Amino acid sequence: MKLVAPVLRVLGFAYIALALLLLIPLMWDLLANNPDWLAFAFSSIIIGMIGLLLSVAMGGYKIESINSRQAFLITASAWITIPAFGALPFLGLGVGFHNAFFESVSGFTTTGSTVLMGLDSMPPGLLLWRSLTQWIGGVGIIVMASLLLPLLRIGGMQLFRTESSDKSEKIVSRTTDLVRWVMGLYVVLTTLCTLLYHLSGMSWFDALNHALTTLSSGGFSTHDKSFAYFESQAAVFFGIIFMIASGLPFVLMIKAVRRSPKVLLQDPQVVTFMAILLLFSMGVCIYLGLNNEVPFKEAFLESMFVVTSVVTTTGFGLGDYTNWGPLIIGVIMMLTFFGGCTGSTSGGIKTFRFIVFFGTVRANMKQMIRPDQVVVIRYGETNVTPDLAFSVLAFLVVYLSTVGIVTVVLTGFNLDLVTALSAAATAIGNVGPGLGPIVGPAGTFADIPLGAKWVLSGAMLLGRLELFTVLILLDPEFWR
């Protein structure tokens, strides 16, 4: 009980917060005279009562000294149970059980895959709740990546714990202050994004919803056509800017605000991340200009939007890019695995792991040429230890193996290989749209079999929890 009680108390507080957030779409429906507010009211009461009971019943257990085992349990339990509770409003509004859970998981993990059709005619409260699930999930991702994953040493994340262990490098003196700064920056960026979207031609409601899902790297929209609905180059431009912001490390952005913007350009993963965006955007732009005869300005804006959307795992749509040609489909499939920077709201493998991986490969090649040479692998000014390099390589192996296993399982539901592979990659990478006519950028996940939806729901959770957070709970050694 000593192991589980503090975990349940923390979860109780999280459920209370979730119940309070449900009041936002409730109030929106009330102001719009929409009777759907009752679904949010009942959901809020149920979730709030469960949270209150847990927090009171476990009130005798302190949460100030939670150890690493309890941190694993809190992280995994929160990301599994909160989407389950978040599905209650969807159930109350007539969405089937399977689809409700899939949509909620896709929202909180900021994946952006959807099973809903006819978004343009859906009630405002439901649309706002979809966007809020992604915005809430985005906050949880930043906090998890900044505080918990470095402590748990998952996939090389101990690198960032090492960098922040020196008092001179700490952004703030206390964890609570860091959370306040993250929330403050997150809210400011969301507000600014909402304002600029509105100035670009969106209604206030559309602007708010798309700002919530842009900063969270989520990709949910209020329209079936996503960004293509607005036909506004200004909206596309602002979307690119804030999707890039969502892919940057929030802790580093806080440092830039408190000290100097130069710190962003001094970070290896930020430089690499921006280089990837520019390189692939220019490549796609040139391809569109030469093969599809698209004007340069239009080609660059569209290619930058699509590449940024996929790399940051936001998943916004700007038409069906699979019509651009087979080469572009291959490029998009490759970019699905990339992801943004560590400490951002993005999913995927993350830029820093590619830096460590290629640094390790290069060092190994040098030692093959000169076995007596001592090669030091560096990440910025930090030496990459063998333990850290092994953690990154282990993560990459498990990540790609999981994509392969999920792909094989999905083919068992009679999905073709392209659909199965892209759906698996987009679920584990938390990207959103896949490839093919069913789950591609012009389709939805509504028509895939029910069993496949549950498999993909589990894959989305695995990807968001960085795989090992869940897998380690399956090891009997953890419970001894």
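The values are calculated or read from the model by the stated rules, or taken from the named source; none is laboratory data. Bear in mind the structure is a predicted one, so any value in this text is a computation, not a measurement. When we count neighbours, we look across all protein chains shown, and the Cβ atoms used for this are built from the backbone with ideal geometry, even at glycine. Accessible surface is based on the protein model in full, side chains and every heavy atom, while ligands, DNA and RNA are left aside. Shrake-Rupley method; radii C 1.70, N 1.55, O 1.52, S 1.80 Å.
Among the GluC sites (Glu not before Pro) within region 372-480, those in coil by DSSP and having at most 16 neighbouring Cβ atoms inside 10 Å are Glu381. Quick one, which of (1) 21.9, 76; (2) 21.2, 70; (3) 23.7, 72 is the actual Rg and Dmax of the Cα atoms in Å calculated for this model? So the calculated entry is the one marked (1). Judged by the gyration tensor of its Cα atoms, with axes a ≥ b ≥ c, region 398-448 is oblate; a/c meets the 1.5 cut and b/c is at least as large as a/b. Note: relative contact order over the chain, using C-alpha pairs below 8 Å and six or more positions apart, is 17 percent.
Taking a ≥ b ≥ c as the square roots of the Cα gyration tensor eigenvalues, with a/c under 1.5 meaning rounded and otherwise prolate when a/b beats b/c, else oblate, which class fits region 193-332? Walk me through the numbers on the way to the answer.
Values: a/c = 2.03, a/b = 1.18, b/c = 1.72.
Since a/c reaches 1.5 but b/c is at least a/b, the shape of region 193-332 is classed as oblate.
Long hydrophobic helices in the chain: the complete DSSP H runs spanning 18 Å or more by Cα along their own axis with mean Kyte-Doolittle hydropathy of at least 0.0 are 5-21, 37-57, 68-86, 124-143, 175-199, 233-246, 268-291, 296-311, 351-369, 386-411, 450-464. Summing Lys and Arg as +1 and Asp and Glu as -1 over all other residues whose Cβ lies under 13 Å from the Cβ of Gly440 gives a net charge of -3. Computed with a 1.4 Å probe over protein heavy atoms only, the accessible surface of the chain comes to 43 Å² per residue.
List the aspartates and glutamates whose Cα sits under 19 Å from the Cα of Lys262, skipping any in the same chain fewer than 8 residues away. Counting by Cα, and skipping residues close in sequence, Lys262 has these aspartates and glutamates nearby: Glu163, Glu169, Glu381. Taking the accessible area of the chain, probe 1.4 Å, and keeping the other protein chains in place, the carbon and sulfur fraction comes to 68%. Scattering from region 416-480 was approximated by placing one identical point on each alpha carbon and applying the Debye formula without solvent; log10 I(q)/I(0) at 0.13, 0.16, 0.24 1/Å stands at -0.40, -0.55, -0.96.
The calculated pair-distance distribution of region 263-330 uses every alpha carbon pair, bins of 10 angstrom beginning at 0, and gives 20, 50, 22, 7 percent. Multiplying the residue separation of Asp387 and Val179 by 0.36 nm and removing their Cα-Cα distance gives an extension gain of 72.0 nm.
All distinct Cα pairs of region 357-458 go into the 1/r average, and the inverse of that average, the Kirkwood radius, is 16.0 Å. Listed here are the pairs Lys255/Lys350; Lys255/Lys297; Lys255/Lys366; Lys225/Lys453; Lys350/Lys453; which of them are more than 31 Å apart at the Cα? Going by Cα-Cα distance, Lys255/Lys297; Lys255/Lys366 fall outside the 31 Å limit. Rounded to the nearest 500, the 222 nm mean residue ellipticity of the chain from helices alone is -20500 deg cm²/dmol, with -39,500 (n - 2.57) taken per DSSP H run of at least 4 residues.
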